[in-house]
Amino acid sequence: MLRYLVFLISTCMFANGLNWHSSQIMLRYLYNVQDKQFALAEEYLKLETKRIHELQRFLVPIVDWYINYSFTKEKFILSHIDSIKMMTRIHKDLSTIKKIMSNKQSVEVFKQFEEYKAISELNIQSAYRALRRIQKVYAIPASDMAVGKYKDRIIGDPMDACECNVMSKYSFEEYDTYGAIEWSLQTYNKWLMDRPKCVDIDKLYYYIRLASMSTGFNFENLSNFSNLNHSGNIDYITRYFSLIENELNIRDINAESTDIYHIYDNFEQLSRNKNFRNLCRTGKSARPLTCESKCRYQTKNSPYWILMPFKEEDISINPSIKLYHDIIYDKEIELITKMASIDLTDAAFYFNGKISLVDERRLGQLKWFSESSDPMLFGKLNERIECITEYSTKTAEGYQVVNYGLGGHFSEHVDAFTDGPKSNGNRLVTILFYMTDVPEDGYTVFPNINFVAHCRKGTALVWQNLYLNNGSVNSGTVHGGCPVIKGNKWSE
């Protein structure tokens, strides 16, 4: 018995997990955490200020008493009654001081502050990888990304020297030599403006030299490599930057760098992977249509849908891919996204019989729903799905709602299990509902048939994963989700 349907809902937002940037829901949650932490810090400061003032008020009379005591201490020591009074007072005073200094209220506030998960080095490193993924897929030079633009679009605020330095640091540490050179040059150009302390210039020179040597730049004129961690003399550095500028055609901070991304593309051995990148970059496809391809109002012979037929559009004959317009409604989308935003988890992928979490394969947040999650909502969707596919949803998987954030993507894959059907069948059909308009990136692309899905909010992309005559996987259904550069993308 084949497993008939898989439902996918993908979004571009944030949620629970180490990758704060993996969904917009999670990033919004991070902003809320930041607000709470700032509020706790302010409360802690008020309590500490109150404690210091209280301690000061308490110590002033004690200091006065101690000054008087220093002149009469022999009397206190010789008199047993006075000695007891002195001991009692000292005990009381020290206990009060200790109580004021410990200040349980401040300690409790501090504990609350500690309960919130701070951004770790791993979070920043993962976010770096996401930004580099966007660069490589869309061939965006560091000179453009550092000023927050991609082609004619504004994709963010300009980055400063400190932020560029983080990119160069991780590029170097992850042996991304071309990235290290690109981002180090941007860091250097921005560092020259006001020389911020966040940039260790000697370390920056170290990054560029070693990365440049690794990429094969001509260093015949450079004779001394014995102390690479030292900036050296001005002539040495000037000559060094001249070499790098010649290679990347970088003259100043406003200049565009040469397209070095063909180098990354050449690293790809599979033509499918190269084609995936090209389709993401251009957003253009050659639709595999024939003279039999049509756009039509479809009722599937259902009396109910005669009054409101489906708008069906043929995308491909082999594999069978169809696009349905206005099939999921705004109120349904609003309800689904609201339900999904509560407790998302890291999105995984299935490979070689195992479920794994690897950013380079898939990055996002998801939540599963069954019909029982909201019988009325998902029951209506099931009715529409059964009508357009002519398959029962009783053996289908649940609805998978995915929310993608910075660099969120899903690399090329097939939805059907290639290592054989599971005990309850394989995935015969995929239905992908789009719950937002897809921006000028973040497309769903099919590299083997050169197709890019330009879908609007409310549409559904439907395709057959298997050949019906033998149950084998149709290689034309290989697809992937391009990284979202900016904006939000919900799909189901």
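The values are calculated or read from the model by the stated rules, or taken from the named source; none is laboratory data. For clarity, every value in this text was computed on a predicted model and none was experimentally measured. Heads up, the Cβs are rebuilt from the backbone with ideal geometry, glycines too, and the neighbour counts pull from every protein chain shown. Surface areas here come from the heavy atoms of the whole protein model, side chains and all, with no ligands, DNA or RNA. Shrake-Rupley method; radii C 1.70, N 1.55, O 1.52, S 1.80 Å.
For this structure, a couple of remarks:
- Percentage, to the nearest whole number, of Cα pairs in region 140-206 over 14 Å apart: 54 percent
- Measuring nothing but protein heavy atoms, the accessible surface of region 93-165 at 1.4 Å probe radius is 57 percent carbon and sulfur.
- Taking θ as phi - 60° and the Karplus parameters 6.51, -1.76 and 1.60, the scalar couplings of region 450-464 work out to 6, 10, 10, 7, 9, 10, 9, 4, x, 8, 9, 9, 10, 9, 8 Hz in sequence order, x denoting glycine and proline.
- Per residue, the accessible area of region 148-187 comes to 43 Å² when a 1.4 Å probe rolls over the protein heavy atoms.
- J(HN,Hα) series, region 184-197, from Karplus relation 6.51 cos²θ - 1.76 cosθ + 1.60, nearest Hz, glycine and proline x: 5, 5, 5, 4, 4, 4, 6, 5, 4, 5, 9, 6, x, 6
- The figure for ASP176 is an accessible area of roughly 20 square angstrom, using a 1.4 Å probe on the protein chains alone.
- Sequence ranges 199-207, 369-377, ranked by mean other-Cβ count within 10 angstrom, highest first: 199-207, 369-377
- Extension reserve of the CYS198-SER95 stretch, reckoned as 0.36 nm per residue once the Cα distance is removed: 32.6 nm
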